[in-house]
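The values are calculated or read from the model by the stated rules, or taken from the named source; none is laboratory data. Here the structure is a predicted model, which is why all the values come from computation and not from measurement. Please note: Cβ atoms are built from the backbone with ideal geometry, for glycine as well, and neighbour counts cover all protein chains shown.
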Amino acid sequence: MSGIPLVRVPFRKQKKNEKERCLQANNKEFNEKFEYEHNAIKTAKYNFFTFLPLNLFEQFQRVANAYFLFLLLLQLIPQISSLVWYTTVIPLALVLSMTGVKDAIDDMFRHKNDKQVNNRPILVIVNGMVKEEKWLNIRVGDIIKLQNNSFVPADVLLLSSSEPYSLTYIETAELDGETNLKVKQALVVTSNLEDNLEKLSNFKGEVRCDPPNNKLDKFTGVLIHEGETYALDNEKILLRGCTIRNTDWCYGLVIYAGQDTKLMQNSGKTTFKRTSIDHLMNVLVIWIFVFLIGMCSFLTIGHGIWENQKGYFFQIYLPFEEEISSSALCIFLIFWSYVIILNTVVPISLYVSVEIIRLGNSFYINWDRKMFYIPKNTPAQARTTTLNEELGQIQYVFSDKTGTLTQNIMTFYKCSINGRLYGDIYSMTGQKVEITQDTEKVDFSYNNLADPKFSFYDKTLAEAVKKGNPMVHLFFLCLSLCHTVMSEEKVEGELVYQAQSPDEEALVTAARNFGFVFHSRTSETITVMEMGVTKVYDLLAILDFNNVRKRMSVIVKTPEGKVILFCKGADTIIWELLHSSCKPLQDITMEHLDDFAGDGLRTLAVAYRELDEESFQKWIQKHHRASTAVEDREEKLGLIYEEIEKDMMLIGATAIEDKLQDGVPETIVTLMKANIIIWVLTGDKQETAVSIGYSCNMLTDDMDDMFVIDAKESSMVLKQLRSARRVMKPDSFLRTDPVTKLISQSEKKNFILPEEVPNGSYGLIIDGHSLAYALEEDMELELLRTACMCKSVICCRVTPLQKAQMVELVKKYKNMVTLAIGDGANDISMIKAAHIGVGISGQEGMQAVLASDFSFAQFRFLQRLLLVHGRWSYIRMCKFLCYFFYKNFAFTLVHFWYAFFSGFSAETVFDEWFIAFYNLFYTSLPVLALSLFDQDVNDLWSLRFPELYYPGQNNLYFNKKEFVKYLIYAIYTSFVLFFIPFGTTYNSVRSNGKDFSDYQSFTLIIQTSLLVVVTVQVGLETTYWTAVNQFFIWGSLAMYFSIMFLLYSDGLFLLFPQTFQFMGTARNTFILPQVWLIIALTVAICLLPLIVLRFLKMDLLPTQTNKILAKIRECMKNPVPPPARTKLRRTSSRRSAYAFAHQHGFGALITSGKNMKSR
Amino acid sequence: MERNSNDVPGLLSRMPDNTAFKQQRLPAWRSHLTAWAVLPGFFTTGAFFLGMGILLILSAKSVKEIEITYTSMCSNCAKLRENASNFYKECTCSVPFFIPEKMPGNVYMYYKLHNFYQNLRRYTISRNNRQLLGEDITNVENCAPFQRDSNGIPIAPCGAIANSMFNDTILLSYYPHSSTRINVPLLSSGITWWTDKHIKFQNPRSNNLPSAFTGTTKPPYWRKPVYQLDPENPENNGFLNNDFIVWMRVAALPTFKKLYRRIHRTGPFANGLPAGNYSFDIAYNFPVTVFKGEKGVVLSTVTWSGGSNLFLGIAYLTTGAVIWLAAFSMTAVHLKMKKRNIVSES
């Protein structure tokens, strides 16, 4: 039973191999010849007519169902039929129909989902008109209009856009997780089409390109237009799943649609996930088969001996059947008869019951209000309903950063200007006050260009601005000038900034709100409204950012004629470039920076330098020479920049908060307490990743050491990994080390890396380059050994593929349950690779959600999903399985004992109707209630004591050992169930003198005892008695007795005398006191030892869990105290990251004037 | 980005319902094994089992029972029956015995078979309830291997169970003095379940029983056809014959006894069987030695808990004792651990 994987391609038309794609714009007839895929996606499997045959065919492919079909066929052979056919048909029919209904419902959801995606609106140009269409109606060769913030519905060739040079900004978070804007630019020949509908609909360009493929960053093709051929590359293609940003409109020509799009091609493979309990169950079922075959063989041999010693002589009363000539054949047939009788050890209802329980527990996840995110109206969702109990066994969590741990919102939070810190607020008594939602914000109404979304709480800064503090003014002037942001004033007074990184936008917006509004720029000027006064600065040079420089500067000429260099950059870098007179200020600012870092803020230092005209002129000439150099331009420019970026005066520092999602640090602490290891895998750069690591408490100052693996060569990576391991566990390099021994001895494949304990707590940071080497086959074990010894691991600049490789690596050597959580399309691969994939939902169309097994809107819900739902599901599933195997073994093995007294003749010890109904009606509901409602402690306590999660991780509640224990217990139970009634009825009579030991009464006594025993047993397992449990338990017993009286009634017998031959047995037997005494005795003998064992174990060998539960019970006597909200202190004194985009800025674009509107 | 969604209706449209069921907050009673629940429970249960055990043993002990296995005593007859050619030869056998103590109240007489497997799979299904209902007398479906005789005439009653019916006749004689012999009056009524006699078994509807069975033949091992089973009581014939009904209710185990007769409490036997000399006069028809079986006859009184079987009483007594033992040890362990915990905590 699969979940509802949405992005997959189960029934794709087999198409002829496409060698090259060829299409013409606006030419339906031409394009239709090729039968390209339409833009509709189809994930549903069935339709109304194909459902029944297809579904039945699929169901019989499952081993269990096929096995029961085989049994059914066996039962139709009269010579070996030891049970009538309906004992198998009734359960089988029920199981098939229930699975069928579930599959049908699943498929209906898929239909609905497909329909929703396919019916999204899109604008298409038809005959010079813009017409609204649905996504599914888009065809290859159509020209579509895309608007700002809309999704791209197919892979399209960009033709023209509202921006100059037909630039189009897109966000590709869906595809690769990067949230910074990217620029695409159309061909000049097509950008001339602009938004002229007539021209567009007459556009007859022909495109020849690659056939559909899954390479996101590659596209080769040509456009043939009016006889000219133009080369096409990836820069001109907008992929399905991208979002248009900062671009009013753009037009595109559809190239790949539907399943052919790169997004769909990338997410085509959906592996069918199975839980570890599923695997265990399969192993156990094989064990049981072996056990069954063993038992049947034993009984067959018994039959052979019996036939020789007794049956042969008994032939006067029961001659051998005529058709059966030899006793060997007869014995062979008995084997199959026993297979039929004992088949109930592999209960047919097992699989279907497991599915029902998982489904039920999935619904709880969907229904949980505490995982509902109000601002986005998003409930949690269990998209795969077959993995629940594995949520209670997670040991590794792989998390994305952007959008998962963080909100991807940067806010200007604090600053330090000229040695004074702004941003903290103090109460009247001088106490630092925590900023909450109710804290009064600074009123920016004096500035009509202020951004209303911006909030700042420290009023003193605004006052300083109003008073005209020159350093404060200089600070904000710097922020408003030194950047590569572009602005747009669409409506008078409403500025929209287009920034390449959210950090820059935050800084410019802060300056804007405090009265230094960056208004517009040309390639030579920057217009700033300083406290309401418009000033135009001449932009003389942009000294752009790169990863080595870690700073950017601008040189401007003020309206007063001064030439000033403004610089912002990583504090460590700027420190080196300051004028010596800044030393005192530097020290104070340093303290503030430490403060900021402690709060996990991203910081930048801000400085300026006044230049004299003369030296600047000299410099600019050098600069000009360098920038036109052909060789090593970058390096030469860097040197030139350094010449002028010196002796700067410090102004202050900024602190930007990379806002974490709510409750992230707390969640991480809780999960870590639950022994869950969290690795962050992010595409972001190292500094940001580390800073987030600190702010969410994964990295702390009390760690003994933090290793950074950032080498560029394979050998260096190995060396770094080794030296890290040498620090953590020097012993591990000795030959005698057990793990080292194991690795050197065993074959490379398929062994489990044992746990290694380091001598302290360590963190590991590894970047994508190194990871590429480390993940190679000869180094992956080295990587894993080092990484697993660390408390936290952060991988930065990793590709989607590497994310998946990391997950696979842990899966391969650690035999532990992994969970991957992320929000973007770059996380899909790891979400699919991990045992459990979780998607952060809330934003529409998030691809990660579609590939995930569970989804919710906030990272903090993860603790509830694992510690509450996962734990409950796991415990419930384990209890269910233990009990289920127990009850079926106890039920079936009675036959085994009876065989010794019935000549091994495959005589059943139960009424056939009882066999047919036992699993389905008599014993199914109580255990179902148990596995849907049971909770040992409520949700609050399981969150308060994350230690309660350990048993699931260590798989303590259901494993081979537990199974064997329950098996032995079941054997004991069946023994008692047979021999107590046996001893009692043997040679005994009723109180009215009639004989007592007739077959039918004997049968009824045993089956009633069995039912009472297993029902009391389920009561013993139940710790949480809801009304439903009570109802089901008592109801099952009541139902059993009523059905007994019904089946054994006169009416049914008179209608079908052969089928209902137990007529009257219930009436004649249940009135006897001995019967009830037997039942009481069997219940006591079966269950009391278990109670004694459990009681003694709790007193003598309490597990950690027992102790916690006892503590909780102690606490529960008192009213539940409110959960202790431990305010997490960030104690880090680390210098945090500088706030920049991790790419080249737009500096070159700006100075070239390319992206300026011609006004 | 974050809107106050309470203002806009429909914005919380996907909010799950706040019901106890959906939020897993159903009111419930939490059960766990506390000492306060377990220990008193064990002591009470133990007391109940001990008391019940004593009661059961006492009542089983009060039952008077005499069992006589007569296969070896009638070895001549047994030998004779081993050869099928002697089928129609009569053989009687007298088994004297002594009742040392008076058997008060109702006394029941059983025949007991050892090593007779009435519970073999093929044996138990070899019957046809529709035929026994008298509805369709020639319906011999499922009766293999005794469906029809060699001429193809359907057998009534068909099947292996009916064919193997116990057909010894046992008479009980009392010798108050060595010369006087009184036949103990025996009742063959009231030995079947009411439901069997009145619902499960019916004679075919006809004024004349023999004619109702025309077109059928007797089972091969029977001496007489089914409508002549009881020459003395015409009501006790056909499928409604009590011995037949008793036999047809197959036994669960290979050693079993079936109720044969009740002692009619008249004359000297109004208060049961007095102590003294008795004898069974047996018409030995039923071969058992061929399959190494044995047969016997049992006289027994009954009590509320059935017959003389001590098993249940002993089982109760032992269980009760073990429960108490467990209860005492658990109490000891619990108190000790509690003490230790208190010590370790302080």
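The table below gives the values:
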read-out	value
Those residues of segment A:594-617 which are at pLDDT below 85 and aliphatic (A, V, I, L, M), in sequence order	A:597, A:601
Pick from segment A:944-954, criterion buried (at least 20 other Cβ atoms within 10 Å of the Cβ) and in contact with a Ser or Thr (Cβ under 7 Å, 6 or more places away or on another chain), ranking: nearest to residue A:1021 (Cα to Cα)	A:948
Qualifying residue in segment A:345-358 (condition: within 10 Å of another protein chain (Cβ to nearest Cβ), among the aliphatic types (A, V, I, L, M) and over 25 Å from the mean Cα position of the chain (by Cα))	no
Only one of A:1043, A:1079, A:1085 that is within 7 Å of chain B (Cβ to nearest Cβ) and at pLDDT 90 or above	A:1085
Filtered residues of segment B:258-279 (kept if part of a strand (DSSP E or B), in contact with a Lys or Arg (Cβ under 9 Å, 6 or more places away or on another chain) and aliphatic (A, V, I, L, M))	B:259, B:273
Candidates A:1002, A:975, filtered to the one that is at the interface with another protein chain (Cβ under 7 Å from one of its Cβ atoms) and either part of a helix (DSSP H, G or I) or among the polar types (S, T, N, Q) (or both)	A:1002
Number of positions in segment B:173-187 that are surrounded by 13 or more Cβ atoms within 10 Å (Cβ to Cβ) and in contact with a strand residue (DSSP E or B) (Cβ under 6 Å, 6 or more places away or on another chain)	8
Matching residues in segment A:522-568 - criterion: being surrounded by 14 or more Cβ atoms within 10 Å (Cβ to Cβ) and at positive phi	A:531, A:550
Out of A:442, A:397, sole residue that is in the same structural domain as residue A:787 (by the TED database) and within 28 Å of residue A:602 (Cα to Cα)	A:397
Matching strands (runs of 3 or more DSSP E) fully within segment A:319-423 where at least 2 residues are of a type in the set (Ser, Thr, Tyr) and farther than 30 Å from residue A:895 by Cα	A:394-399, A:406-417
Failed condition for residue A:134, given (1) in contact with a helix residue (DSSP H, G or I) (Cβ under 6 Å, 6 or more places away or on another chain); (2) over 30 Å from residue A:340 (Cβ atoms); (3) modelled with pLDDT of 85 or more	(1)
Subset of segment B:75-104 [surrounded by 14 or more Cβ atoms within 10 Å (Cβ to Cβ), within 13 Å of another protein chain (Cβ to nearest Cβ) and either in contact with a His (Cβ under 6 Å, 6 or more places away or on another chain) or not charged (D, E, K, R) (or both)]	B:103
Qualifying residue in segment B:17-25 (condition: modelled with pLDDT of 90 or more, in a helix (DSSP H, G or I) and more than 8 Å from chain A (Cβ to nearest Cβ))	no
Tally, over segment A:609-641, of residues that are β-branched (Val, Ile, Thr) and closer than 18 Å to residue A:558 by Cβ	1
Count - residues of segment A:841-865 that are among the hydrophobic types (A, V, I, L, M, F, W, C), closer than 18 Å to residue A:364 by Cα and either out of contact with any strand residue (DSSP E or B) (no Cβ under 6 Å at 6 or more places or on another chain) or modelled with pLDDT of 95 or more (or both)	4
Residue in segment B:235-251 that is over 30 Å from residue A:895 (Cα atoms), more than 14 Å from chain A (Cβ to nearest Cβ), modelled with pLDDT under 90 and part of a helix (DSSP H, G or I) present	yes
Among (1) part of a helix (DSSP H, G or I); (2) in contact with a helix residue (DSSP H, G or I) (Cβ under 6 Å, 6 or more places away or on another chain); (3) not assigned by the TED database to the domain that holds residue A:376, the one test that residue A:625 misses	(2)
Residue that is part of a loop (DSSP other than H, G, I, E, B) and within 7 Å of chain B (Cβ to nearest Cβ), where the choices are A:987, A:955, A:992	A:987
Failed condition for residue A:410, given (1) surrounded by fewer than 14 Cβ atoms within 10 Å (Cβ to Cβ); (2) at pLDDT 80 or above	(1)
Selection count where residues are more than 7 Å from chain B (Cβ to nearest Cβ) and touching a helix residue (DSSP H, G or I) at 6+ places or on another chain (Cβ under 7 Å), scope segment A:1054-1076	6
Residues (in contact with a Phe, Trp or Tyr (Cβ under 7 Å, 6 or more places away or on another chain) and more than 26 Å from residue A:546 (Cα to Cα)) located in segment A:482-514	A:513, A:514
Single residue of A:701, A:705, A:710 found to be under 20 Å from residue A:798 (Cα atoms) and modelled with pLDDT under 90	A:710
Count of residues meeting criterion [over 14 Å from residue B:111 (Cβ atoms), surrounded by fewer than 21 Cβ atoms within 10 Å (Cβ to Cβ) and within 14 Å of chain A (Cβ to nearest Cβ)] in segment B:276-301	4
Search result, residues across segment A:958-972 that are in contact (Cβ under 8 Å) with a residue 24 or more places away in the chain and either more than 20 Å from residue A:1088 (Cβ to Cβ) or at the interface with another protein chain (Cβ under 7 Å from one of its Cβ atoms) (or both)	A:958, A:959, A:960, A:962, A:963
From the options B:207, B:203, residue that is assigned by TED's automatic domain parsing to the domain that holds residue B:284 and either in a helix (DSSP H, G or I) or touching a helix residue (DSSP H, G or I) at 6+ places or on another chain (Cβ under 8 Å) (or both)	B:203
Enumeration of residues in segment B:53-73 that are in contact with an Asp or Glu (Cβ under 8 Å, 6 or more places away or on another chain) and either part of a helix (DSSP H, G or I) or of a type in the set (Val, Ile, Thr) (or both)	B:69, B:71
